[in-house]
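Scroll down for the structure; my scribbles are underneath it.
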Amino acid sequence: MFQLFGNAIGQVVAISILVGAGLPALFAFGIRALASGAGGTAEVSGDAGRPAMKLVAWICFALVIAVIAVGLSVIISSGFGYRVSFDNIFPTFIKK
Amino acid sequence: MLLLILVIGTAIAFDFTNGFHDTGNAMATSIATGALKPKTAVTLSAVLNLIGAFLSVEVALTVTNAVIRIQDSSGAPRPEFLANNGHELLMIVFCGLIGGIVWNLLTWLLGLPSSSSHALFGGMIGATLAALGIGGVNWMGDGTKLDGVVGKVILPAFASPVVAALVATIGTWLVFRITAGVAERYAESGFRWGQIGTASLVSLAHGTNDAQKTMGVITLALIAYGSWTDTHNVPTWVKVACAFAIAAGTYTGGWRIIRTLGKGLVEISSPQGMAAEASSAAVILTSSHLGFALSTTHVATGSILGSGLGKRGADVRWGVAMRMVLAWFITLPAAGLVGALCFWLGNGIGGYAGPLLVFAILLGLTGWMIAHSRKTAVHAGNVNEEWRAESKPGASVPAETVATKA
């Protein structure tokens, strides 16, 4: 019983740290890049903005949204009897 | 027939308290940081709970199997309970639900977030002990998988706040590391969007996890009574009723609990709020996807604590946290005691009078608790007032309200 529980909780810890702490970190990178892009009062240093960083910021945000979307579709589709396959790199729905 | 109607009514009432008790798990941090206005937050959460409830198509008919032995593995009631239109099974479920509702309302009155699923399981265990004795409870399962009171309730309860706190601590620490150098006001406004997104995920997860428990209980009652036979599907009206009950409960907003979670544990900023909700969403969704659902409440509380631990110089009010943990310890036995007392009383009197009397007691207790809550009302207007240190549970209410009522 305890071993089974240890295995299950270990998996939850691993995935949760990856997603639950990794995505906020990625989002934070986005915020930082956005601030760097805006410059001026957005940063403590008050340096001039570097507009190219805004692109980096939006790539970060887009990645966060994409990971959430894939995660949700994995969970919801399994409820409807489908699984998500990454065989073709792009996620596709396959009936279980 | 009367008993069946009472069971369905109390099940829907339980579902309502479930939504109402757990609004704070998703929305407390967004309300506390001002990312969302209180009313907007509960509305958003209610809508997402509603959607979540309809997305949960996996049949939760075997929900009681985790802790008690009144169903077989397909979800059908055990044949020995089918006598007299399933009277005994309906009584067990009825009293278990009452135990859950009473405990949910009492902890709400005290402003303590406690697990609604533990309250439900506690009530069921109590009623089963009263009805069938020790053998009616599934303590450990057969040892081949995580099962029973120990495997599905007690072990997860110890682990989930720790796991959530760990993830949120790491997340918060990373976020503050990465955004060092960004002006605080600029970061605050950016992270508010992240907060709204992550809080929405927690609401959605709550709807998918919790509404189906009540759906399973009602369907079990219908099968026991003999008016439904399909163990693979939930009747549509049950699904709709449960989805709307949990959404309505969420919309009503358990403001007392929102206040404790949002203001009582940690003074929270929006980067912390986002890290906390991201941790909650990740832990809840992964655990339920892997087949052992953790209590939303335990996870959310752990995450909020973690967001305090991960920020240098942040205060965590351990006194408030300890009072919550104490409430978690007694949730199972307390809801169980109510369930057992209801069963003894209702079954002792028997006939229709027994369950009706028990139902009347439930209504009376509910009325008393609501009346009592009015004395120190917490609502959308004052939920964010300054938290006064070392206040008693009933007094953890804004100063202004106390002054006007005194």
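A few points about this structure:
- Backbone HN-Hα couplings from phi across region A:72-79 [Karplus 6.51/-1.76/1.60, Hz, Gly and Pro as x]: 5, 5, 4, 5, 5, 5, 5, x
- Three principal axis extents of the protein assembly as shown based on alpha-carbon atoms, in descending order, are 80, 66, 39 Å.
- Sparse-neighbourhood loop sites, trypsin sites (Lys or Arg not before Pro) in region B:214-272 - DSSP loop, at most 15 other Cβ within 10 angstrom: none
- Among the chymotrypsin sites (Phe, Trp or Tyr not before Pro) found in region B:304-392, those both in a DSSP coil and sparsely packed, with 14 or fewer other Cβ atoms within 10 Å of their Cβ, are B:352.
- Once C-alpha pairs closer than 8 Å and six or more residues apart are averaged by separation and normalised to the residue number of chain B, the relative contact order reads 32 percent.
- Long-range HN-HN contacts of residue B:68 with modeled amide H, under 5 Å: B:138
- By the count of neighbouring beta-carbon atoms within 10 Å, fewest first, B:379, B:232, B:298, B:289 end up ordered B:232, B:379, B:289, B:298.
- Cross-link pairs exceeding 20 Å in C-alpha to C-alpha distance, out of B:37/B:263; A:54/B:311; A:54/B:37; B:263/B:311, comprise A:54/B:311; A:54/B:37.
- Near residue A:70, once Lys and Arg are set to +1 and Asp and Glu to -1 for all other residues with Cβ below 15 Å from its Cβ, the sum equals 0.
- Region B:282-348 shape via C-alpha gyration tensor axes, a/c threshold 1.5: oblate
- Modelled spin labels at residue B:85 and residue A:44, positioned 7 Å past Cα toward Cβ, are 7.1 nm from each other.
- Rounded to 10°, Cα long-axis angle of helix B:236-252 versus longest principal axis of chain B: 40
- Likely footprinting exposure, B:89, B:166, fewest C-beta neighbours within 10 Å first: B:166, B:89
- Listing B:146, B:357 from fewest to most neighbouring C-beta atoms within 10 Å gives B:357, B:146.
- Over all other residues within a Cβ to Cβ distance under 13 Å of residue B:82, the charged ones net out to -2, with Lys and Arg as +1 and Asp and Glu as -1.
- Global form of chain A, assessed from the alpha-carbon gyration tensor, a/c cut-off 1.5: oblate
- Using only side-chain charges placed at the Cβ, +1 for Lys and Arg and -1 for Asp and Glu, the dipole size of region A:2-95 relative to its Cα centre rounds to 160 debye.
Readers should treat all values here as calculations from the given coordinates under stated rules, not as data from a laboratory. On a predicted model such as this, the values are computed, not experimentally measured, just so you know. Note: ideal-geometry Cβ built from the backbone for every residue, glycine included; neighbour counts use all protein chains shown.
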